[in-house]
Amino acid sequence: MDELIRGRLTEDGYILFIVSRDMLDLFKDAETEKSVELDYNNRTTLRIFFRGNDIEDKSSLYYGSSAARCVISSLFASGCCELWKEPIGVDNFKLYASNAFENYCSKKSVEEGLATKIKNLSVSESDVGRAMDDKWFKNMYETVDDKIRLRCGLRNVVAPKV
């Protein structure tokens with residue numbers, strides 16, 4: 001199936017899909033007020049659906065954009081740190097999100113060729129800082145007193161139709 005999906009997505013989209021699919025377990029016990037669904041049905045654009053508390057919103061981001069990479073890396077960092085339990089400082093959040101793809105590779109023991117491609121999608125701490133002003137970030141996170149709290153747990157990852 002992965003070979004079929006690879007032909008349906010751009011390379012960046014395919015790699016983000018692999019990471020996203022593996023993140024679902026990190027959020028199985030998450031208690032958040034809203035949820036997020038990542039939809040990979042478009043060849044070039046990641047669609048993000050936010051649901052909860054009578055609110056529905058969506059964003060569309062190009063797979064190779066720093067915003068799409070920030071979404072996935074911040075979700076991975078949030079799942080690993082269980083941000084729904086306790087907020088963390090903004091500086092720590094930026095650090096965790098910027099190292100998320102590297103941490104993913106080490107936790108999953110990804111083979112070297114794929115690990116290099118995944119790590120190439122890494123974002124910098126300043127990318128994460130700029131993303132904090134974006135609409136998708138404000139839908140997923142709440143920043144209070146220089147601490148970040150997750151409002152949206154990952155509910156579903158939609159595989160591309162092949």
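Considering only residues in the range 11-43 that are surrounded by fewer than 17 Cβ atoms within 10 Å (Cβ to Cβ) and under 20 Å from CYS105 (Cα atoms), the one that is farthest from the chain's Cα centre (by Cα) turns out to be GLU11. Among the criteria (1) in contact (Cβ under 8 Å) with a residue 60 or more places away in the chain; (2) closer than 24 Å to ILE5 by Cα; (3) in a strand (DSSP E or B), the one ARG51 does not fulfil is (2). When the residues of the range 119-162 are filtered to those that are among the charged types (D, E, K, R) and in contact with a Ser or Thr (Cβ under 7 Å, 6 or more places away or on another chain), the one that is surrounded by the fewest Cβ atoms within 10 Å (Cβ to Cβ) is LYS135.
Look at (1) under 12 Å from the mean Cα position of the chain (by Cα); (2) in contact (Cβ under 8 Å) with a residue 60 or more places away in the chain; (3) not in a helix (DSSP H, G or I) and you find that LEU46 fails only one, number (2). Assuming ARG69 fulfils every condition listed in (1) part of a helix (DSSP H, G or I); (2) surrounded by fewer than 20 Cβ atoms within 10 Å (Cβ to Cβ); (3) among the charged types (D, E, K, R); (4) touching a Leu at 6+ places or on another chain (Cβ under 9 Å) apart from one, which condition is it? The failed condition is (2). A residue that is free of Cβ contacts under 8 Å to residues at least 40 places away in the same chain and touching a helix residue (DSSP H, G or I) at 6+ places or on another chain (Cβ under 8 Å) cannot be found anywhere in the range 135-147. Contact map, the range 68-83: residues that are over 15 Å from GLU102 (Cα atoms) paired with residues that are buried (at least 24 other Cβ atoms within 10 Å of the Cβ) and at pLDDT below 95, Cβ distance under 6 Å, separation 6+ or inter-chain. Pairs shown: LEU83/LEU150.
Every test in (1) at pLDDT 95 or above; (2) within 22 Å of ASP133 (Cα to Cα) is passed by ARG51 save one, and that test is (1).
Got at least one residue in the range 147-155 being of a type outside the set (Phe, Trp, Tyr) and in a loop (DSSP other than H, G, I, E, B)? Among the residues of the range 147-155, at least one is of a type outside the set (Phe, Trp, Tyr) and in a loop (DSSP other than H, G, I, E, B), which makes the answer yes. In the range 80-95, of all residues being at pLDDT 95 or above and crowded, with 22+ Cβ neighbours inside 10 Å, the one that is farthest from LYS147 (Cα to Cα) corresponds to LYS94. In contact with a helix residue (DSSP H, G or I) (Cβ under 6 Å, 6 or more places away or on another chain), of a type in the set (Gly, Ala, Ser), surrounded by fewer than 18 Cβ atoms within 10 Å (Cβ to Cβ) and not in a strand (DSSP E or B): is that true of GLY64 in this structure? Criteria met by GLY64.
The values are calculated or read from the model by the stated rules, or taken from the named source; none is laboratory data. Since the model is a prediction, treat every value here as computed from it, not as a measurement. Here the Cβ is made from the backbone with ideal geometry for all residues, glycine too, and neighbour counts use every protein chain on show.
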